[in-house]
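Have a look at the structure below, then the notes.
The values are calculated or read from the model by the stated rules, or taken from the named source; none is laboratory data. The structure displayed is predicted, hence computed values, not measured ones. When we count neighbours, we look across all protein chains shown, and the Cβ atoms used for this are built from the backbone with ideal geometry, even at glycine. For accessibility, only protein heavy atoms count, side chains too; no ligands or nucleic acids. Shrake-Rupley method; radii C 1.70, N 1.55, O 1.52, S 1.80 Å.
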Amino acid sequence: MLLTLTRDAPRPDCQEGILNVGGSRYYTMERPWKDNHAGISCVLPGLFDLLPHVIEHGALLGLKCYVLSNPDLGVFPEPPANYTGSNAVRVAILIHPANWAFQLLGCIAPGKARGILTPKNGMAQPAVLQSDIAFDEIMGMLGVGVMGHQLLIQ
């Protein structure tokens, strides 16, 4: 299946978008564009293979999701051989649930709607809402561990 992500509404603190999956529409939250720097920037536009992935650490430990891959654009599911931490290479760009851009390290969070939420001890910020539900719906359409999906980011 081909998923398409059309980015819109760039902000200094986040990048919002619209994700189409099998005829269903979702909203996305990403880090803002920061010259493709790992951990602080959304990934550059392009066509990516979506590979099955299991998160191995953090709050989402064990979550089955998908990771982006396009070696020609310097995007790898895992660090390539001789990886030196260069910003020209992006590693482990995932699609997973989250509400705010600050919860992401270059990954993409889907949601059912856009809104404003206030994190604990913070100020109200743009967010995607019902991210867990959106993620579960997307995984239901893609299937867990199924190969052959692609994501076009424009």
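Just to confirm a number: summing +1 for Lys and Arg and -1 for Asp and Glu over residues other than V144 whose beta-carbon lies under 14 angstrom from that of V144, what do you get? If you can, show how the numbers build up before the last one.
Details: positive: K64; negative: D136, E137.
Local charge sum for V144: -1.
H37 versus L129, label points 7 Å from Cα toward the beta carbon: distance in nm?
Once both label points are built, they end up 3.3 nm from each other.
Taking only protein heavy atoms into account and a 1.4 Å probe, give the accessible area per residue of the chain in Å².
On the way: 7700 Å² over 154 residues.
Each residue of the chain exposes 50 Å² on average to a 1.4 Å probe.
Along the positive direction of the dipole of the chain (beta-carbon charges: Lys, Arg +1; Asp, Glu -1; about the Cα centre), which of F48, N70, G111 reaches farthest?
Looking along the dipole axis, the top candidate is G111.
Applying 1/(1 + (r/R0)^6) with R0 = 35 Å to the Cβ-Cβ distance of L44 and T118, what FRET efficiency is obtained, to the nearest 0.05?
Numbers: r = 31 Å, r/R0 = 0.88.
Calculated transfer efficiency: 0.70.
Under a straight-distance cross-link criterion of Cα-Cα below 22 Å, which lysines are reachable from K112, leaving out those fewer than 8 residues away in the same chain?
In chain and number order, the partners are K64, K120.
Can you tell me the dipole magnitude for the chain around its Cα centre, using point charges on the Cβ only (Lys, Arg +1; Asp, Glu -1), in Debye to the nearest 20?
Working: 10 positive and 12 negative charges, 63 e Å.
The dipole of the chain has a size of about 300 debye.
What does the charge count near P80 come to, summing +1 for each Lys or Arg and -1 for each Asp or Glu among other residues with Cβ under 14 Å from its Cβ?
-1
Using alpha-carbon pairs under 8 Å, 6+ residues apart, how would you state the relative contact order of the chain in percent?
Details: 376 pairs, mean separation 43.7, N = 154.
28 percent.
Counting helices only, and only those DSSP H runs with n ≥ 4, report the 222 nm mean residue ellipticity of the chain as the sum of -39,500 (n - 2.57) divided by its residues, in deg cm²/dmol to the nearest 500. Write out the running numbers ahead of the final one.
Numbers: 1 runs with 12 residues, N = 154.
Estimated from H runs of four or more residues: -2500 deg cm²/dmol.
Write out the chymotrypsin sites (Phe, Trp or Tyr not before Pro) in the stretch 3-94 meeting two conditions: DSSP loop, and at most 11 other Cβ atoms within 10 Å of their Cβ. Spell out each step's value before the answer.
Numbers: sites: Y26, Y27, W33, F48, Y66, Y83; in loops: W33, Y83.
Answer in residue order: Y83.
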